[in-house]
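Enquirer: Please read through the structure below; I'll follow up with questions.
The values are calculated or read from the model by the stated rules, or taken from the named source; none is laboratory data. Note that the coordinates shown come from a computational prediction; the quantities given were computed from them, not determined experimentally. Glycine gets a Cβ as well: all are built from the backbone with ideal geometry, and neighbour counts include every protein chain shown.
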There are 2 protein chains.
Amino acid sequence: MLKNKIKSACLVIIGNEILTGRTQDKNINHIARELFKVGVLLNYVCVIPDVKKIIIKELRRLKKNFDYVITTGGIGPTHDDITAESVSIAVGREYKLHQGALRDLTRYYKKIKSELTDARKKMAYMPSGSKLIKNKVSGAPGFNIENIYVFAGIPSIVEAMMREFVKSIQNKNKFYSSSIITSLFESKIAHILEIAEKNFNDVSIGSYPIFDGRPKGVEVVISSLSNKKNAQKAKKFIQTQINKII
Amino acid sequence: MLKNKIKSACLVIIGNEILTGRTQDKNINHIARELFKVGVLLNYVCVIPDVKKIIIKELRRLKKNFDYVITTGGIGPTHDDITAESVSIAVGREYKLHQGALRDLTRYYKKIKSELTDARKKMAYMPSGSKLIKNKVSGAPGFNIENIYVFAGIPSIVEAMMREFVKSIQNKNKFYSSSIITSLFESKIAHILEIAEKNFNDVSIGSYPIFDGRPKGVEVVISSLSNKKNAQKAKKFIQTQINKII
């Protein structure tokens, strides 16, 4: 059994470029894996356009329902970077210059011998009371206010910010997940999986056909958020039953 | 100007395997591109777990707000394939055997010399009154009921079903999208993009930093759903202004 209560998370990808298909998203998968590793349950992901009204509405809806709300995208220096302002409105706080962020940006642009223009200074504006999410990849920090964690959109920066986020989580858990690969078709083992799902509490069983032009078999994923022992028993049961058919 | 009213779409990815990070989603990008090509505006994507209650709630919420709701995943033969039943409840129709789907499945399994087991027969159950979305890749069809289009989860099957969906759309449009790549940093051109965004109606301007360990420049995407002429003017304006800085 887990020592700590399972925390839930949702992820809000802010980006027209994903919705028009211009960009293949990589952040969902990375963030999902990292959350799974520390036992935080990612239960919802949405992709929304760069529209202030939509961002605000979605954040207000989601922040009530999850322990952590992570956003990616829209915190750069241009006119379409409206995430920080939208978050400020969503949480009802002043959108203002963060002195710590300004110091970081000043230091960064001095180091790379570039100017801290007004456009760049915009990246130090965020909801009043925010904590910075620093990262070594870019000068501009993300930020955390209430249960909202605001990341950049560029995957390498998201990875750096995710490392900081994971460090900050107090109560980590460990989910169990293991899989069986068989060349049998899904329909041949469906009854076994159904019995296992019913008989082993707290265990989730997923069936994923392996398809390469035509069906090649199945990967059965046995996982549990809180009951590793039962999941291991379920895995053993499924493997034994499959062996009987083969 | 467009001849046809712009239709909106949203996409519901049903899949624990995406939320745990086990699988990198490929369907969002494919569907987004294909919708963009025929001038349907993808305005929302969500990824939700294989939980009946959540699927039903989400579909009820979304089907009111979009012209098309596309779902992927959860229509196979195993216990965790609960999409068709959930859709039936969401639209308030009986979950029942579709005779046309049963015929297709019977024909398919006869052809590949395999048995139409009860588990496989489950794939012919769907909301009463559904239209089939046939495909040549797998025997099991997707289906359409009201404004909900239910696809499989396997990318090659999604592609086949998407081709059928696109064929069925009556009023296609053509969106305009073009881009400028510059080695200037975002902050250097931010003021130009802001002016362009303000001065050219119906034009959307996106700024996407090119980042490869460090900033390498920007791709500026100029697009319009309804006003190609203005978008072309905006592109010319931005290019001219950028050339002045370089």
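Enquirer: Quick one: which of B:Val158, B:Val150 is under 21 Å from B:Asp104 (Cβ atoms), in contact with a His (Cβ under 7 Å, 6 or more places away or on another chain) and modelled with pLDDT of 95 or more?
Expert: Values: B:Val150 fails: in contact with a His (Cβ under 7 Å, 6 or more places away or on another chain).
From the options B:Val158, B:Val150, the qualifying one is B:Val158.
Enquirer: Kindly check whether there is at least one residue in the stretch B:2-17 that is in a loop (DSSP other than H, G, I, E, B), facing another protein chain (nearest Cβ under 10 Å) and either at pLDDT below 95 or under 30 Å from A:Leu35 (Cα atoms) (or both). Outline the logic, then answer.
Expert: Kept after step one, since they are in a loop (DSSP other than H, G, I, E, B), are these residues of the stretch B:2-17: B:2-6, B:15.
Those still in the list that are facing another protein chain (nearest Cβ under 10 Å) too: B:15.
Now restrict to residues that are either at pLDDT below 95 or under 30 Å from A:Leu35 (Cα atoms) (or both): B:15.
Within the stretch B:2-17, one or more residues are in a loop (DSSP other than H, G, I, E, B), facing another protein chain (nearest Cβ under 10 Å) and either at pLDDT below 95 or under 30 Å from A:Leu35 (Cα atoms) (or both).
Enquirer: Determine if the stretch A:98-112 includes at least one residue that is part of a loop (DSSP other than H, G, I, E, B) and more than 19 Å from the chain's Cα centre (by Cα).
Expert: Going through the stretch A:98-112, the residues part of a loop (DSSP other than H, G, I, E, B) turn out to be A:98, A:112.
Still in the running and more than 19 Å from the chain's Cα centre (by Cα): A:98, A:112.
Among the residues of the stretch A:98-112, at least one is part of a loop (DSSP other than H, G, I, E, B) and more than 19 Å from the chain's Cα centre (by Cα), which makes the answer yes.
Enquirer: Find all pairs meeting these conditions: Cβ atoms under 9 angstrom apart; at least six residues apart or on different chains; first residue within the stretch B:214-240 and at positive phi; second residue outside any helix (DSSP H, G or I) and at pLDDT 90 or above.
Expert: Close Cβ pairs (under 9 Å, with a partner that is outside any helix (DSSP H, G or I) and at pLDDT 90 or above) amount to B:Gly217/B:Ile181; B:Gly217/B:Thr182; B:Gly217/B:Ser183; B:Gly217/B:Leu184.
Enquirer: Condition first: crowded, with 22+ Cβ neighbours inside 10 Å and part of a helix (DSSP H, G or I). Now tell me which residues in the stretch A:60-97 satisfy that.
Expert: The answer is A:Thr83, A:Ala84, A:Ser86, A:Val87, A:Ala90.
Enquirer: Here are some residues: A:Val166, A:Val150, A:Val158. Which one is within 30 Å of B:Val158 (Cα to Cα) and within 26 Å of the chain's Cα centre (by Cα)? Even if it seems obvious, please write down each step before you answer.
Expert: Working: A:Val166 fails: within 30 Å of B:Val158 (Cα to Cα); A:Val150 fails: within 30 Å of B:Val158 (Cα to Cα).
Answer to the check: A:Val158.
Enquirer: If I go through the stretch A:122-153 residue by residue, how many of them are farther than 16 Å from A:Glu85 by Cα and among the hydroxyl-bearing types (Ser, Thr, Tyr)?
Expert: 1
Enquirer: Report, by residue number, each residue of the stretch B:64-82 that is of a type outside the set (A, V, I, L, M, F, W, C) and either in contact with a His (Cβ under 8 Å, 6 or more places away or on another chain) or more than 16 Å from A:Ile205 (Cα to Cα) (or both). Lay out the reasoning, then the answer.
Expert: So in the stretch B:64-82, the residues of a type outside the set (A, V, I, L, M, F, W, C) come out as B:64-65, B:67-68, B:71-74, B:76-81.
B:Lys64, B:Asn65, B:Asp67, B:Tyr68, B:Thr71, B:Thr72 - these are the residues of the stretch B:64-82 that are of a type outside the set (A, V, I, L, M, F, W, C) and either in contact with a His (Cβ under 8 Å, 6 or more places away or on another chain) or more than 16 Å from A:Ile205 (Cα to Cα) (or both).
Enquirer: Tell me whether the stretch B:175-198 contains one or more residues that are of a type outside the set (A, V, I, L, M) and within 30 Å of B:Phe143 (Cα to Cα). Write out each step before concluding.
Expert: Applying the first criterion (of a type outside the set (A, V, I, L, M)) to the stretch B:175-198 yields B:175-179, B:182-183, B:185-188, B:191, B:194, B:197-198.
Remaining after also requiring within 30 Å of B:Phe143 (Cα to Cα): B:175.
Taking every residue of the stretch B:175-198 in turn, at least one turns out to be of a type outside the set (A, V, I, L, M) and within 30 Å of B:Phe143 (Cα to Cα).
Enquirer: Kindly indicate whether A:Ile133 is within 13 Å of chain B (Cβ to nearest Cβ), over 30 Å from A:Val203 (Cα atoms) and β-branched (Val, Ile, Thr).
Expert: Working: within 13 Å of chain B (Cβ to nearest Cβ): no; over 30 Å from A:Val203 (Cα atoms): yes; β-branched (Val, Ile, Thr): yes.
No: the conditions fail for A:Ile133.
Enquirer: Tell me which residues, restricted to the stretch A:164-187, are free of Cβ contacts under 8 Å to residues at least 60 places away in the same chain and under 30 Å from A:Asp81 (Cα atoms).
Expert: Those that are free of Cβ contacts under 8 Å to residues at least 60 places away in the same chain and under 30 Å from A:Asp81 (Cα atoms): A:Glu164, A:Lys167, A:Ser168.
Enquirer: Another question, if that's okay. Within the stretch A:94-138, how many residues are more than 20 Å from B:Lys216 (Cα to Cα) and of a type in the set (A, V, I, L, M)?
Expert: Summing the residues that are more than 20 Å from B:Lys216 (Cα to Cα) and of a type in the set (A, V, I, L, M) in the stretch A:94-138 gives 7.
Here is a yes/no grid of residues against (1) out of contact with any strand residue (DSSP E or B) (no Cβ under 8 Å at 6 or more places or on another chain); (2) surrounded by fewer than 22 Cβ atoms within 10 Å (Cβ to Cβ); (3) at pLDDT 95 or above; (4) over 27 Å from B:Ile192 (Cβ atoms):
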position	(1), (2), (3), (4)
A:Lys111	yes, yes, no, no
A:Asp118	yes, yes, no, no
A:Ala124	no, no, yes, no
A:Ile133	no, yes, yes, yes
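Enquirer: From the list A:Ile89, A:Ile28, pick out the single residue that is among the β-branched types (Val, Ile, Thr), in contact with a Lys or Arg (Cβ under 9 Å, 6 or more places away or on another chain) and in the same structural domain as A:Ile154 (by TED's automatic domain parsing). So that I can check it myself, show each step before the final result.
Expert: On the way: A:Ile28 fails: in contact with a Lys or Arg (Cβ under 9 Å, 6 or more places away or on another chain).
Unique residue meeting the criteria: A:Ile89.
Enquirer: Turning to a different aspect of this structure: Tell me, please, whether a residue that is crowded, with 20+ Cβ neighbours inside 10 Å and farther than 28 Å from B:Ser138 by Cβ can be found in the stretch A:208-224.
Expert: Taking every residue of the stretch A:208-224 in turn, at least one turns out to be crowded, with 20+ Cβ neighbours inside 10 Å and farther than 28 Å from B:Ser138 by Cβ.
Enquirer: Given the options A:Ile210, A:Ile192, A:Ile205, name the one that is in contact (Cβ under 8 Å) with a residue 40 or more places away in the chain and either under 19 Å from B:Ile75 (Cβ atoms) or not basic (Lys, Arg) (or both). Spell out how you get there, then give the answer.
Expert: On the way: A:Ile210 fails: in contact (Cβ under 8 Å) with a residue 40 or more places away in the chain; A:Ile205 fails: in contact (Cβ under 8 Å) with a residue 40 or more places away in the chain.
Selected residue: A:Ile192, the only one of A:Ile210, A:Ile192, A:Ile205 that is in contact (Cβ under 8 Å) with a residue 40 or more places away in the chain and either under 19 Å from B:Ile75 (Cβ atoms) or not basic (Lys, Arg) (or both).
Enquirer: I need the full set of residues from the stretch B:27-67 which are more than 8 Å from chain A (Cβ to nearest Cβ), among the charged types (D, E, K, R) and touching a helix residue (DSSP H, G or I) at 6+ places or on another chain (Cβ under 6 Å), in order please.
Expert: B:Lys52, B:Arg60 - these are the residues of the stretch B:27-67 that are more than 8 Å from chain A (Cβ to nearest Cβ), among the charged types (D, E, K, R) and touching a helix residue (DSSP H, G or I) at 6+ places or on another chain (Cβ under 6 Å).
Enquirer: For the stretch B:128-139, check the following and say yes or no: at least one residue is free of Cβ contacts under 8 Å to residues at least 40 places away in the same chain and within 17 Å of the chain's Cα centre (by Cα). Let's see the steps before the verdict.
Expert: The first filter runs over the stretch B:128-139 and keeps only residues free of Cβ contacts under 8 Å to residues at least 40 places away in the same chain, leaving B:129-139.
Narrowing further to those that are within 17 Å of the chain's Cα centre (by Cα): B:133.
Yes, that holds for at least one residue.
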